[in-house]
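The values are calculated or read from the model by the stated rules, or taken from the named source; none is laboratory data. The structure presented is a predicted model; accordingly, all values stated were derived computationally and were not measured. We place every Cβ from the backbone using ideal geometry, glycine too, and count neighbours over all the protein chains shown. Please note that ligands, DNA and RNA were not included when accessible areas were found on the heavy atoms of the full protein model with its side chains. Shrake-Rupley method; radii C 1.70, N 1.55, O 1.52, S 1.80 Å.
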Amino acid sequence: MKVYLKTCKDYNNVEKVLLPILENYKNRFKSGDKVLVKPNLLSPKKVETGITTHPKVVEAVLKFLLDLGTKPYLGDSPAIGSALEAVKANGIYDVCKKLDVPITELDEPVAVDGEIYKGIKISKKVLEADKIVNIAKLKTHVQMIMTLAVKNTFGCVVGKEKSAWHFRAKTNTNFANVLIDIHNIVNPTLNVLDGILGMDGNGPANGFTRKFNVIGVSENGYALDHAIIKSLKVKEKYVYIIREAMKRNLIPHYELESDWEGGKIKLPLTAPIFETVTNLTRIFERVPKINPDKCVSCKICQNRCPAEAIDIDNNKTIDYSKCIRCYVCHEVCPQDAIKLIRRII
């Protein structure tokens with residue numbers, strides 16, 4: 001089992017860096033395979049924000065698959081808007097049009113049971129694929145601390161079902177296990193990480209755009225994610241998915257092939273401050289608060305809140321007795337109008 005972390009400082013050099021790595025995995029695909037390519041299309045954002053997978057990375061993967069005689073199609077179920085809106089905003093649409101690759105919305109839910117959680121509604125278009133290539137983005141995440149390969153497969157859950165799982169899970173630990181179950185159901189053949197431009201701080205949408213200058217590849221998403229956080233000197237216990245994956249013995253032994261220096265990353269304000277006292281951690285957690293000076297009353301946060309805790313018409317209030325601290329409101333706000341404040345619960 002190998003994990004590749006290769007330095008790539010410019011998107012114009014992606015094919016030069018990525019294609020030789022992908023060649024190591026060509027035997028995992030055969031001519032005629034229907035291959036779902038699943039990028040990170042969180043919302044319709046310009047590519048320079050570092051929020052969504054870069055079209056140059058998608059193009060390299062699609063060229064690799066087309067050269068093998070497979071039949072790739074690209075799909076996602078974004079948190080905001082549609083897959084088509086997202087790819088038109090960030091440039092992936094033009095790549096797919098040039099290469100004659102279909103773009104699809106990951107809809108048509110089919111209930112599938114995970115190891116822990118049952119009835120997870122995965123898109124039929126995911127389940128019908130012969131193979132899946134998961135193209136994630138290197139970003140922080142206010143709820144999960146980091147969003148990498150494993151978290152990226154959450155986009156295979158249909159539409160507003162994603163919000164329902166936030167509410168059903170309630171805690172970060174439970175939600176990490178939901179994500180692990182989903183990743184195991186989707187079971188990507190290959191995981192690619194676009195970390196040339198990403199995000200730190202309060203990601204995945206309202207943090208700070210940052211150059212990390214890395215491309216990652218592995219057949220195993222857990223190994224890839226683990227190698228990234230170790231290279232960024234992030235403690236395993238801080239990243240809920242990694243911590244729970246370790247408990248479930250899902251991180252395999254892997255050989256790291258890397259020329260990337262890594263470094264340090266600015267974690268979200270929601271990263272744990274109390275490492276051992278669970279009750280104190282919960283009491284002093286960050287909570288969302290609406291900044292009325294930035295809020296434009298679009299109600300996206302209200303409509304996406306799984307706990308129905310937000311009332312924009314009632315003086316832009318949040319009912320903290322309902323709030324489950326999933327931070328979906330912060331993630332989907334297009335105006336960065338949700339602050340994360342420390343409050344005694």
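Quick check on region 231-250: of everything there that is over 21 Å from residue 17 (Cβ atoms), touching a residue at least 12 places away in the same chain (Cβ under 8 Å) and over 18 Å from the mean Cα position of the chain (by Cα), which residue is most open to solvent (accessible area, probe 1.4 Å)? Steps first, please.
Of region 231-250, the ones over 21 Å from residue 17 (Cβ atoms) are 233-250.
Narrowing the set further to residues that are touching a residue at least 12 places away in the same chain (Cβ under 8 Å) leaves 233-234, 237-245, 248, 250.
Subset that is over 18 Å from the mean Cα position of the chain (by Cα): 233, 237, 248, 250.
Values: 233: 132, 237: 95, 248: 46, 250: 43 Å².
The selected residue is 233.
Residue 256: in contact with a helix residue (DSSP H, G or I) (Cβ under 6 Å, 6 or more places away or on another chain), modelled with pLDDT of 95 or more and either among the hydroxyl-bearing types (Ser, Thr, Tyr) or farther than 17 Å from residue 144 by Cα (or both), yes or no?
Against the criterion (in contact with a helix residue (DSSP H, G or I) (Cβ under 6 Å, 6 or more places away or on another chain), modelled with pLDDT of 95 or more and either among the hydroxyl-bearing types (Ser, Thr, Tyr) or farther than 17 Å from residue 144 by Cα (or both)), residue 256 qualifies.
Filtering region 136-169 down to residues that are farther than 19 Å from residue 329 by Cβ and of a type outside the set (A, V, I, L, M, F, W, C), which residue is surrounded by the most Cβ atoms within 10 Å (Cβ to Cβ)?
Looking only at region 136-169, we keep the residues that are farther than 19 Å from residue 329 by Cβ, and these are 136-138, 146, 148-150, 152-153, 156, 158.
Remaining after also requiring of a type outside the set (A, V, I, L, M, F, W, C): 137, 152-153.
Details: 137: 28, 152: 30, 153: 25.
Only one residue fits best here, namely 152.
I'd like to verify a number: residues in region 187-218 that are over 21 Å from residue 27 (Cα atoms), assigned to a loop (DSSP other than H, G, I, E, B) and open to solvent by 10 Å² or more (accessible area, probe 1.4 Å), how many?
Residues that pass the stated criteria total 4.
Kindly evaluate residue 79 against the criterion of being open to solvent by less than 40 Å² (accessible area, probe 1.4 Å) and closer than 22 Å to residue 331 by Cα. Spell out how you get there, then give the answer.
Working: open to solvent by less than 40 Å² (accessible area, probe 1.4 Å): yes; closer than 22 Å to residue 331 by Cα: yes.
Yes; evaluated as a whole, the condition is true for this residue.
Going residue by residue through region 107-123, is there one that turns out to be farther than 27 Å from residue 236 by Cβ, among the small types (Gly, Ala, Ser) and surrounded by 24 or more Cβ atoms within 10 Å (Cβ to Cβ)?
Within region 107-123, one or more residues are farther than 27 Å from residue 236 by Cβ, among the small types (Gly, Ala, Ser) and surrounded by 24 or more Cβ atoms within 10 Å (Cβ to Cβ).
Of the conditions (1) more than 16 Å from the chain's Cα centre (by Cα); (2) under 18 Å from residue 74 (Cα atoms); (3) not in a helix (DSSP H, G or I), residue 159 satisfies every one except a single condition; which number is it?
That leaves (1) as the condition not met.
Quick check on region 25-41: of everything there that is touching a residue at least 12 places away in the same chain (Cβ under 8 Å) and open to solvent by 20 Å² or more (accessible area, probe 1.4 Å), which residue is nearest to residue 64 (Cα to Cα)? Steps first, please.
To start, the set of residues in region 25-41 that are touching a residue at least 12 places away in the same chain (Cβ under 8 Å) comprises 25-26, 28-41.
Right, trim to open to solvent by 20 Å² or more (accessible area, probe 1.4 Å) and you get 26, 28, 30-32, 34.
On the way: 26: 8, 28: 12, 30: 12, 31: 12, 32: 14, 34: 14 Å.
The selected residue is 26.
Does at least one position in region 60-69 carry a residue that is touching a residue at least 40 places away in the same chain (Cβ under 8 Å), under 19 Å from the mean Cα position of the chain (by Cα) and either closer than 27 Å to residue 200 by Cα or open to solvent by less than 50 Å² (accessible area, probe 1.4 Å) (or both)?
yes
Looking only at residues in region 83-103 that are open to solvent by less than 30 Å² (accessible area, probe 1.4 Å) and not in a helix (DSSP H, G or I), which one is farthest from residue 134 (Cα to Cα)?
Among them, the one singled out is 91.
Among the residues in region 229-246, are any over 25 Å from residue 181 (Cα atoms) and not hydrophobic (A, V, I, L, M, F, W, C)?
Among the residues of region 229-246, at least one is over 25 Å from residue 181 (Cα atoms) and not hydrophobic (A, V, I, L, M, F, W, C), which makes the answer yes.
Residue check: is residue 184 within 22 Å of residue 243 (Cα to Cα), open to solvent by 10 Å² or more (accessible area, probe 1.4 Å) and at pLDDT 95 or above?
When the stated conditions are applied, residue 184 passes them.
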